[in-house]
Amino acid sequence: MFSREKLAAAARQRELALCLVYLGFSIFFLAFNFQPAWMAACAGCAVVCGLAWAERRQRVSGVASRWALAVAYLGPLLRGVRPLLAMPIPLAGSWFAGHMALSRDPNTNFLLALWLWLASIALFIALLVPWPRIWARDVAFGRSIKIPWPEVGLVALITIAALVVRTVHIVHEPYPFAGDEGNFALQGLEVNQGSIRNPFATGAPFGQPSLYYFVIALSYKIFGVGILGARIPSVVIGVAAIPLLYLLLRELFGRNVAVVGAAFLAIYHVHVHYSRIAMNNVSAVTIGVLALYLLARGLRTKQPLEFGLAGAAAALSLYSYVGARVIPVVMGVWLGAVALTYWRFLWANARGLLVLAVGFIVVALPQGLFYLENRNEFMASYRMASIFSTGWLAHEAQIRHSTEAQILVDQMRRAFGALTVYGETSGNDNAGIPLLDWFSRWPFFLGGLYCLARLRQPRHVMLMSLLVLTVVIGGALTIPPPTSARLITTVPALSALTALGIVMPATFLARWAGKARPLIPALAIAAVLFVGFINVSFYFRDYLPAKRYSGGNTNITQAAGDYLVDLGDDYVAYWFGAPYIGTRDPTLAFIARDRTIVDVPEHSTGLPQVSTSKPNAVFLFLEARKTEADRIMALCPSGTWRVFWDEHDKRNLFYSYEVRDAHDCVERGRLGIIPADQPQATVSDGSG
């Protein structure tokens, strides 16, 4: 244990260090002519120096100055005032990083902006850590998260099982590699190539925040460029949600509900699916669970660190899938429910709520400044699916001869029915079943009724608001419901309510079971195992073999890309696919990224000019342009004709015509010279 004198000396040294940091920041901001941040740094330095002088005067003379007395009387707001006085430093750093990211100068060092933002977040967290109490080995944070080792081992086993389920055959399943996945994968590739340099902007598809592309780019450096490198970030982020959900539910409902909820999430088919594809949807789940857990801890411990981390985690929703932006709203509803229950809550937690707001601002500033500068980008993807901005609601009312209110009621019915009644048919999932399987819906209903019966408790308000707000905003107000990608943020609430529906009836029965009481936990465990069997069996035995994911044109571009990769790099590919599928298709462009592919326009009289020395050529034809193959076969005889048949869809995907040493005939094709002799081609069944 450290003595009181040593702790006081450490506090004085910290004040001196804080003054020096403020001075350093003021010089830095002055050098960059950033006046607001320079003024904030100078003001912070003056305040810290004044506080140190007041405290020293009190220690020496025994008489408190007016300033010291004012600090003492402000109570909870300024208790532990030094961390609050230091907050302008990370705020200024994040603000400066955001203004650097807004620069249109091509020579701007956006990497410096990213590191400055990360440093500001790290400094914000460091300022909240109770270092003296840690040095004195008397920190409540460390004691309050102690979990028995057997319980830790059980959660670790559940997490390992979740990792296995999410990584088995991940390169090949789900098949094919969808177009939206291809967009994310290509954006990550452009980050490594230097084409995308700003992590605080937006990009394809549909104005997604750019930071996730940098995560994919980092994955490429570790796992290599390919489908594995593109999908692994989703795996890691998705698996992280399992122990976080356990911690959240343990904080709110106890050990049994936490273990069951984590086990359900580990094998829940919707979460498994979005953890296996190269898109940012699953990050909304992890960010939401993390933010809610930290807020739950903050409400219990009253520690500024937990409140600050909760605000920082909530701000990450701006860098994630658009559905994650409901998380700060849910946190606000939760805090409002607590305030209604405990009328002195706002004053008693004023310091924590202030730190929460500062944490949110520090993390959100760079992306928030970008959205302020480019307001159309903030909800670009949502506006494309909104029933209001697209004019769908008025148009549908006119077609159906109904009122807009009736259409909204029908939208609500379909959106909430997506949980238990209506099958999912969107391209990003297309599971064909509701979000909850036929067995899980019953404990979900029981958990929902239990939650509604105790709605006066803020924790139940939080769960129901997370479920209802997501279903209404991401389901009823978008077209066409149901779409699991937009409802992904309901996953924590669905897991929690299903766990409550299993554990609470078991707990109730155990009180009246008498001699059969030991059987009740066994029945609960059997229910969890049965739910796991249903979900895993559906996903791996029914869903993946049926190739319901994506489909359509993506089956063609995936097969064509794989074929070109196997064919080798000494071929120039001429793609007869326009206007139906072009070479800029994301799946084809990513899988065959190292191959030379040229679009041949429809009704073209000659082949496009290609500056390459590759000796061989391959011509690929979609079904709609198959008739043009005769001209190419007449131009380049003695080639090999292949048909790529899809056994699942029972259709021809595309055709290819391989020609070796094709330089002369390709040159004639560029000039539009078509010989009259008949083709002499070798026919092969191909593969696909």
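Among the conditions (1) modelled with pLDDT of 90 or more; (2) open to solvent by less than 50 Å² (accessible area, probe 1.4 Å), ARG541 misses just one, which is (2). The set of residues from segment 419-436 being under 20 Å from PRO174 (Cα atoms) and either at pLDDT below 90 or exposed (fewer than 15 other Cβ atoms within 10 Å of the Cβ) (or both) comprises GLY423, GLU424, THR425, SER426, GLY427, ASN428, ASP429, ASN430, ALA431, GLY432, ILE433.
Residues satisfying the criterion are absent from segment 170-193 (criterion: on the phi > 0 side of the Ramachandran plot and either open to solvent by 20 Å² or more (accessible area, probe 1.4 Å) or not small (Gly, Ala, Ser) (or both)).
Considering segment 264-303, the residues that are assigned to a loop (DSSP other than H, G, I, E, B) and out of contact with any Gly (no Cβ under 7 Å at 6 or more places or on another chain) include one that is modelled with the lowest pLDDT, namely GLN303. Considering the conditions (1) more than 40 Å from the chain's Cα centre (by Cα); (2) among the small types (Gly, Ala, Ser); (3) under 12 Å from TYR574 (Cβ atoms), SER656 is excluded by exactly one of them, (1). Looking only at residues of segment 402-418 that are loosely packed, with under 14 Cβ neighbours inside 10 Å and among the hydrophobic types (A, V, I, L, M, F, W, C), we find that the one that is nearest to ARG486 (Cα to Cα) is VAL409.
Assess whether ARG548 counts as being of a type outside the set (Asp, Glu), within 22 Å of GLU424 (Cβ to Cβ) and part of a helix (DSSP H, G or I). Break it down into steps so the answer makes sense when it comes.
Numbers: of a type outside the set (Asp, Glu): yes; within 22 Å of GLU424 (Cβ to Cβ): yes; part of a helix (DSSP H, G or I): no.
So ARG548 fails the test.
Between ARG231, ARG255, the distinction of being open to solvent by less than 30 Å² (accessible area, probe 1.4 Å) and within 30 Å of PHE530 (Cα to Cα) belongs to ARG231 only.
Residues checked against (1) open to solvent by 50 Å² or more (accessible area, probe 1.4 Å); (2) closer than 29 Å to ILE277 by Cα:
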| residue | (1), (2) |
| --- | --- |
| LEU452 | yes, no |
| LEU455 | yes, no |
| VAL461 | no, no |
| VAL472 | no, yes |
| ALA485 | no, yes |
| THR490 | no, yes |
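Restricting the first member to segment 582-593 and to residues that are over 17 Å from SER550 (Cα atoms), and the second to residues that are surrounded by 22 or more Cβ atoms within 10 Å (Cβ to Cβ) and aromatic (Phe, Trp, Tyr), the beta-carbon pairs closer than 9 Å and six or more apart or on different chains are GLY582/TRP575; THR583/TRP575; ALA592/TYR563.
Just one of the listed residues (TYR563, TYR580) is assigned to a loop (DSSP other than H, G, I, E, B), at pLDDT 85 or above, touching a Leu at 6+ places or on another chain (Cβ under 9 Å) and open to solvent by 20 Å² or more (accessible area, probe 1.4 Å), namely TYR580.
Among the residues of segment 632-645, are any part of a strand (DSSP E or B), closer than 21 Å to GLU173 by Cβ and in contact with a Phe, Trp or Tyr (Cβ under 7 Å, 6 or more places away or on another chain)?
Yes: segment 632-645 contains one or more residues that are part of a strand (DSSP E or B), closer than 21 Å to GLU173 by Cβ and in contact with a Phe, Trp or Tyr (Cβ under 7 Å, 6 or more places away or on another chain).
Listed by first and then second residue, the pairs with beta-carbon distance under 9 Å, at least 6 apart or on different chains, first residue in segment 413-426 and in contact (Cβ under 8 Å) with a residue 24 or more places away in the chain and closer than 16 Å to PHE444 by Cα, second part of a loop (DSSP other than H, G, I, E, B) and β-branched (Val, Ile, Thr), are ALA418/THR483. Looking across segment 662-683, not a single residue is open to solvent by 80 Å² or more (accessible area, probe 1.4 Å), at pLDDT 60 or above and in contact with a strand residue (DSSP E or B) (Cβ under 7 Å, 6 or more places away or on another chain).
Residues that are among the aliphatic types (A, V, I, L, M) and farther than 18 Å from HIS172 by Cβ within segment 265-286 comprise LEU265, ALA266, ILE267, VAL270, VAL282, ALA284, VAL285, listed in sequence order. Please work out which residue is most open to solvent (accessible area, probe 1.4 Å), limiting yourself to segment 591-609 and to residues that are among the aliphatic types (A, V, I, L, M) and closer than 22 Å to TRP641 by Cβ. Only one residue fits best here, namely ILE597.
All conditions but one from (1) under 27 Å from LEU111 (Cα atoms); (2) in a loop (DSSP other than H, G, I, E, B) apply to THR390; the one that does not is (1).
The values are calculated or read from the model by the stated rules, or taken from the named source; none is laboratory data. Since the structure is predicted, the reported quantities are computational estimates derived from the model, not experimental observations. Note that each Cβ is placed from the backbone with ideal geometry, even for glycine, and that neighbours are counted across all protein chains shown. We work out accessible area using only protein heavy atoms, side chains counted, and drop any ligands, DNA or RNA first. Shrake-Rupley method; radii C 1.70, N 1.55, O 1.52, S 1.80 Å.
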